[in-house]
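Read the structure below first, then the notes.
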């Protein structure tokens, strides 16, 4: 990583990625902490309130190291294996936790993803599908683009015969504000299909039935 000044780092889309050094991330946290202290002042929150004293530091750490971690780090290291058994059926992982942020209001997006594919020459460990999902989810997102990013990454990595991602999630920008949707019933469902899952209706119906 070059010894560039922090202010020389260009801005980029909320759901995009640019690897930053540990030093750059530390400076980002320090600057954020100061800004969150200013926000507290504007909201007339007493900085001596014992429940709020360390809040700016906690928030800065949370955003940089946790909620938006996928923006600033390399993709996870993934090992693929040869499809020696010539598997030609659906391989599915479901119940993959999704925790992201709505890029419009920075409220949580919380739900689960299901990923299925038919291998061609390569297979991957199921735990790696979780890591890929987490990597792209830890950004400020819209759910539609999150599914596309996951599919594009896996398509390039595996070159499968079929690939699909379905995400079901609650959006707290609708639950905690605005229309105040009912948390127990409000859910957004998105799907992205490639290859045979896009062209073969029967296969797509089988996939959707298996992940239901």
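Just so it is clear, none of the values below were taken in a lab; they were calculated from the coordinates. Owing to the predicted nature of the structure, the values given are computational and were not obtained by experimental measurement. Cβ: placed from backbone, ideal geometry, glycine included. Neighbour counts: every protein chain shown.
Structural remarks
- Straightening the chain between residue 202 and residue 187 buys 2.8 nm, computed as 0.36 nm per residue apart minus the Cα-Cα spacing.
- Maximal additional length on extending the residue 94-residue 57 stretch stands at 9.8 nm, based on 0.36 nm per residue less the C-alpha distance.
- Each of 100, 184 has some number of other Cβ atoms within 10 Å of its Cβ, and from fewest to most they run 184, 100.
- Relative to the longest principal axis of the Cα atoms of the chain, helix 143-158 runs at roughly 50 degrees.
- Cα gyration tensor shape for the stretch 10-158, rounded if a/c is under 1.5, else prolate or oblate: prolate
- Centre-to-centre, using Cα atoms only, the stretch 68-131 and the stretch 1-66 are separated by 28 Å.
- Ordering of 56-62, 75-81 by packing [mean C-beta count within 10 Å, highest first]: 56-62, 75-81
- Percentage relative contact order, the stretch 6-71, counting C-alpha pairs under 8 Å, at least six apart: 42
- Shape call, the stretch 138-178: gyration tensor on alpha carbons, a/c limit 1.5: prolate
- Relative packing of 31-42, 107-118, 154-165, which averages over residues the other C-beta atoms within 10 Å, highest first: 107-118, 154-165, 31-42
- Taking other C-beta atoms within 10 Å as the exposure proxy, 209, 139 rank 209, 139 from fewest upward.
- Helix-only [θ]222 nm of the chain, DSSP H runs n ≥ 4, -39500 (n - 2.57) each, per residue, nearest 500: -11000 deg cm²/dmol
- In this simple spin-label model, placing a label point 7 Å from the Cα along the Cα-to-Cβ direction at both residue 41 and residue 80 gives a separation of 5.3 nm.
- DSSP beta bridges confined to the chain are antiparallel in about 95 percent of cases.
- With Cα atoms as the point set, the radius of gyration and Dmax of the stretch 96-138 evaluate to 12.9, 42 Å.
- Globularity index of the stretch 1-94, i.e. its alpha-carbon radius of gyration over 2.2 N^0.38 Å: 1.62
- Here the translational diffusion coefficient of the stretch 80-211 follows from Stokes-Einstein with Rh set to the Kirkwood radius across Cα pairs; for 20 °C and 1.002 mPa s it amounts to 140 µm²/s.
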